[in-house]
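See structure below.
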Amino acid sequence: MNDFSKFFKDNNREEEHDEWLTLKLSVGSNNSHDPNLPSPSVPIQLEAPHHQEPYFSMPSPPPPPPPVPQNPIICHQNSDSAGPSRLVRARRSPAQALKQGKTETVPQLYPWATTRRAMVYNLDYLLSNGIDKISGEVQCKRCEKQYEIEYDLQQKFMEVALFISNNKHTMHDRAPSVWMNPVLPSCKFCGEENCVKPIISKKRTINWLFLLLGQLLGCCKLSALKYFCKHTKNHRTGAKDRVLYLSYLGLCKQLDPKGPFDV
């Protein structure tokens, strides 16, 4: 066989192969529209299958709560709840400004009193200056005689301090009945017992140290005890037993600043 015949034979084979391939594709395309014909042996996948989204989704986490302020002063109720808004007021300081024309200083009425309202000298100062006797004016409720009673400073103060030290844990910041209703001295003129009361006039002239040593502070009105707490920077609201308790410990603290008289 020469080269020309060989070329012609190969060319015929290529044409037959092309015709066979075209026929096969045509038959496969027709089978896809005729349900009675078998499908091609090898299916052709044109695109990747899509992932079906789920019918539900996970809920997102709730947002973090807002920061709480450090020192809230005003608190309002929730608008959905019933009732008006309520203000929470901070506790007032016991120190308040004096009224117009008033000053913290007053004339010194007693050797043991300072020029500041409701303030006395401490025990060391008094003893070092020879002040060891404390006197005050009293009046009998029966015969109405007025006279002066004198107390020994150290002896009487030790009695008060010892009573506080032994009973403070049971007082619960309240004055006991022996302070609320003190036993009064007997009258040296008529001899009547429990009838001599201290003379108390204006608040700024009260002889505080004399009343402390005689344990007669309970004879003061509530307004006078509040006056003492006001000018000694103590909380002065509440019932009389509370304010009287603060007055006793406040005066003892003035006499002995290092003693067990903290409130």
Next item on the list: Report ³J(HN,Hα) in whole Hz for each residue of the range 173-179, in order, from the Karplus equation J = 6.51 cos²θ - 1.76 cosθ + 1.60 where θ = phi - 60°; Gly and Pro get x.
Entry: 6, 10, 5, x, 5, 5, 8
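Please calculate how many Å² of accessible area the range 178-237 carries per residue, with a 1.4 Å probe and no DNA, RNA or ligand atoms counted. If you can, show how the numbers build up before the last one.
Details: 2820 Å² over 60 residues.
With the other protein chains kept in place, the range 178-237 gives 47 Å² per residue.
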Item checked: Positive minus negative residues near E148 (Lys, Arg vs Asp, Glu; Cβ under 14 Å) -> +2
Margin query: Is the C-alpha gyration tensor of the range 93-240 telling us rounded, prolate or oblate? Criteria: a/c under 1.5 is rounded; beyond that, a/b larger than b/c is prolate, otherwise oblate.
Written below: rounded
Next item on the list: Determine the alpha carbon to alpha carbon distance for each of K133/K188; K156/K230; K203/K240; K133/K221; K156/K233 and list only those over 22 Å.
Entry: K156/K230; K133/K221; K156/K233
Notebook entry, point to check: Stretch T237-S201 to full length: gain in nm at 0.36 nm per residue minus the Cα-Cα span?
Noted result: 10.7 nm
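In the range 96-198, carbon and sulfur make up what percent of the accessible area (probe 1.4 Å)? Walk me through the numbers before you get to the answer.
Details: 3040 of 6610 Å².
In the range 96-198, the share of accessible area belonging to carbon and sulfur is 46 percent.
The values are calculated or read from the model by the stated rules, or taken from the named source; none is laboratory data. Because the structure is a prediction, the values reported are computed rather than measured. Note that we place each Cβ from the backbone using ideal geometry, even for glycine, and neighbour counts take in every protein chain shown. What goes into the accessible areas is simple: the full protein's heavy atoms, side chains included, and nothing from ligands, DNA or RNA. Shrake-Rupley method; radii C 1.70, N 1.55, O 1.52, S 1.80 Å.
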